[in-house]
Structure formats: C-alpha cells, structure tokens
Amino acid sequence: MEKEYLIIGQGIAGSMIAFELHQRSVSFDIINKTDYASSSHVAAGLYNPITGRKMVKTWNADQIFSGLERYYEELERFLRSKFLYSSKIYRPFFSLEEQNDWQGRLGDGGFNAFVEEVKSGKSANEAIIDGFGGLHLKSAGYVDTTAMLESFKRFYLELGAYKEVDFDFSDLEEKTNAYAYRGIRYKGVIFCEGNNVRNNPYFNWLPLKPVKGEIIDINIDYDESFILNRGVFMLPKTAEGYSRVGSTYDNHRLNHEPTAEALEYLTDKLGVIYTRDFNLFRHRAGIRPATRDRKPFVGRHPDKKELTIFNGLGTKGVSLAVYYAKQFADFLTNETPIDDEVNIERFFSFYSN
C-alpha cells in the first residue's frame, strides 16, 4: 500500500498541513501520539496583530493576517463546527504619553488595518482600569483550539487517515526516494510533534527553545464582548460561563504542572487592568514549541530529502499555521520557495556541527 505523506502529530501544525494537502488532493496518514500532552489543546488560541510591551505589529502581520479570519470561517463551514470567535482587543494605556503616541500613529498607514479606535477617556465599565483611555484593535480574536482539533480529528477519521498510536522511529524504514512505516510506503514524512521534536533523531539539532505557559479559567463579572489585554489577556465569557486569562512565560520549569507562582502572577497582572474578584474554575499548563529566533521550523532535512518538518509555531500558532501551511503545501507539491525567515536552511550549520 502507498500514500504520499505520513504526518507525525495532530496539533495545530499537523492538522493544518494535513488539511492543505487534502485541498490539493494529496493522500496522507496522521499518527498522533496518545500519551503526549500537546500545547495546542492548552493554548488560548489568541490571534492579535499588535503585541508586546511596546505594542508593535507582530512579525509579518500584513501577510499573515490578510484573509486569516475568512480562512477560519470557511474552515468552520467545511468541518461543520464552531471555533472562531472574532473579537476586538482593548489595550488600556498606562500613561498620557502612550495615548499621545497612538494618537500620532493614527495617520500611519501601516497600522490602519489593525486599529479600530484610540480612546482618550475612560470606559463606561468602571471595573476596567483605563484612566488614560486605550487602544481598540480589529482583525483579532481567538480560536477554540480544542474544538477545532477535535473537528479535524473527526474529519481525518472519516477519511481513514488518522491513527491514534505511538510513533516508533525504529519502524521507519528508509527506501529509495521514500520511507515505509509498518507496511505502508510514503513519498515523505512530515514531523509536527511540537516540543517532542527534541527526541527526534533527524531534527533534534534544530534550536528549539520551549516555553511553558499557564492559563486559568475563572468565574468573574465580565460581560464585555472584547478581549482585555495588557500584561495578560482576558477573553469574553464562554458558553460555559467562564473567562480565560493568560498567559505566563517560563523557560525553566518545562513540565505540564500548574504552579502557584503562575496563578499569583496572572492574578496580580489582571488586577492591574480589572478590579473584580473571581473564583478559579481551572488552571492548566502547556509547553509551547518556540524556537531560538521565534520563527517556525519549515523545510527539508539537509541530507534525507524525504524527511520534512513543520513545527515551532510557538505562541502564535493560530495565526502562523494558516499562512505557512499553505506555503509548505505548495512547496511539497510544486517546489515553490519557502520564505528564508522560516526555512530550516537558516540552521543547517547546526546540523553540520
């Protein structure tokens, strides 16, 4: 039996590249490790064009956010599921200088696509701490990644392309211009294992810099339709009645155990922008597959051309996956170029060393 690609991992990266291959009538199988905690299921799924303490456009925002919401809307219809929640993001200003700075940026065409409004006065919601006003962003929102991945899984099961078993490297057999795995021959293999790439004998030389992130789901008096975001984010209430708050960044304790320190951090940061008490509903942690330069790993192995990788989406998986899954699928099917900034050729010196 033959298929074109074997995909290892069904997180956001694996699900998206599989879908783009399906759109191009390319056959595949997905193997999803049963005992590996994917960060995709813990992620808040936020997509945000203006990020960071200095509130600058996220890397490659003009290309990545063009058509992003339309893509997810079409994907919802295809998978017959709801997981996209388009929402404005409100970022309170902490000083008059910040307010004046953004009033000056309104004439900058580079920001017009993402800025809805610069508020100079306080919100009607007394619980929001924004005495200097704030910034309303558009082309933003969040994706319920758990709902999306479950919908993808159902679809791939219907195709007969999903196998929920552990992947064993010892069963991967190199052939002439192909690989075989447990009786099936594949044109190529795509590794999308997230943080588990550290244990991949073919790609463990890539400079992964995983980051632990923790989020909390809380019961709180917050009835706004927009995402509150400054230091931490708080999403609008879900159908279950809770709001999600995140996130933390920990480069040291790389495990999936929630910590008291992270809970205190999230509570303190939320208290800087919102003044209501809350009850904790759930506290979770995940390991994001971030990279040394905070850009994805996309491309072919330097020696074994049938082995490829689509990984390292980090904290921006929901936005990066769409753009680069399309690009990578075009590369696999038509040899169209991969952007130099994400192509793993930028790290080939790590492999030779």
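The values are calculated or read from the model by the stated rules, or taken from the named source; none is laboratory data. Keep in mind that this is a model prediction, so the values were computed, not measured. A quick note on method: Cβ atoms are made from the backbone with ideal geometry, for glycine too, and the neighbour counts reach across all protein chains shown. Heads up: the accessible areas ignore ligands, DNA and RNA and are worked out on the full protein's heavy atoms, side chains in. Shrake-Rupley method; radii C 1.70, N 1.55, O 1.52, S 1.80 Å.
Between (1) 19.8, 62; (2) 21.1, 68; (3) 20.6, 71, which entry matches Rg and Dmax of the Cα atoms in Å as derived from the coordinates of this structure?
Looking at Rg and Dmax of the Cα atoms in Å for this model, the match is (2).
Specify the residue with the greatest mean-square fluctuation among Lys88, Lys304, Lys326, computed from a Gaussian network of the chain linking alpha-carbon atoms under 10 Å apart.
Among Lys88, Lys304, Lys326, the largest GNM mean-square fluctuation belongs to Lys304.
Select from the chain the helices, each a whole stretch of DSSP H, whose alpha-carbon atoms run 18 Å or more along the helix axis and whose Kyte-Doolittle mean is at least -0.5; answer none if there are none.
145-159, 260-273, 317-334
Which entries of Lys88/Lys209; Lys187/Lys209; Lys3/Lys153; Lys54/Lys295; Lys209/Lys237; Lys88/Lys119 show an alpha-carbon separation above 23 angstrom in the structure shown?
Values: Lys88/Lys209 31 Å; Lys187/Lys209 30 Å; Lys3/Lys153 19 Å; Lys54/Lys295 20 Å; Lys209/Lys237 32 Å; Lys88/Lys119 13 Å.
Result: Lys88/Lys209; Lys187/Lys209; Lys209/Lys237 exceed 23 Å.
How do Thr51, Thr308 stack up against each other in accessible area, from largest to smallest, with a 1.4 angstrom probe?
Most to least solvent-accessible, the answer reads Thr51, Thr308.
Do you know the relative contact order of the chain, to the nearest whole percent, from alpha carbon pairs under 8 angstrom that are 6+ apart?
22 percent
Along the Cα→Cβ direction, 7 angstrom out, place labels at Lys305 and Thr176. What is the inter-label distance in nm?
Spacing of the two 7 Å Cα→Cβ label points: 1.5 nm.
Between Glu126 and Asp293, what length comes free when the chain is fully extended (0.36 nm per residue of separation minus the Cα-Cα distance, one decimal in nm)?
Residue separation times 0.36 nm, minus the Cα-Cα distance, leaves 56.1 nm.
Determine how large the accessible area of Thr333 is when every protein chain is in place; take a 1.4 Å probe and give Å² rounded to the nearest 10.
Counting only protein heavy atoms, Thr333 exposes about 50 Å² to solvent.
What does the extension gain come out to for Asn204 and Asn112, with contour length at 0.36 nm per residue minus their alpha carbon separation?
29.0 nm
Given 0.36 nm per residue, what is the gain on full extension from Ala147 to Asp340 after removing their alpha carbon distance, in nm?
Gain in length upon complete extension: 66.2 nm.
Set the Förster distance to 25 Å, then compute FRET efficiency between Lys3 and His283 from the Cβ-Cβ distance, nearest 0.05.
Working: r = 41 Å, r/R0 = 1.63.
E between Lys3 and His283, to the nearest 0.05, is 0.05.
How would Glu117, Glu345 line up by accessible area, probe 1.4 Å, largest first?
Sorted by accessible area, descending: Glu345, Glu117.
Before anything else, pin down the relative contact order of the stretch 162-229: Cα pairs under 8 Å, at least 6 apart, normalised by residue count, whole percent.
Relative contact order of the stretch 162-229: 12 percent.
Considering only the chain, what is the antiparallel percent among its DSSP beta bridges, to the nearest 5?
75 percent
Report the label-to-label distance for Ser352 and Leu96 in nanometres (one decimal), using points 7 Å from each Cα along the Cα→Cβ vector.
Placing both labels 7 Å beyond Cα along the Cβ direction yields 5.8 nm.
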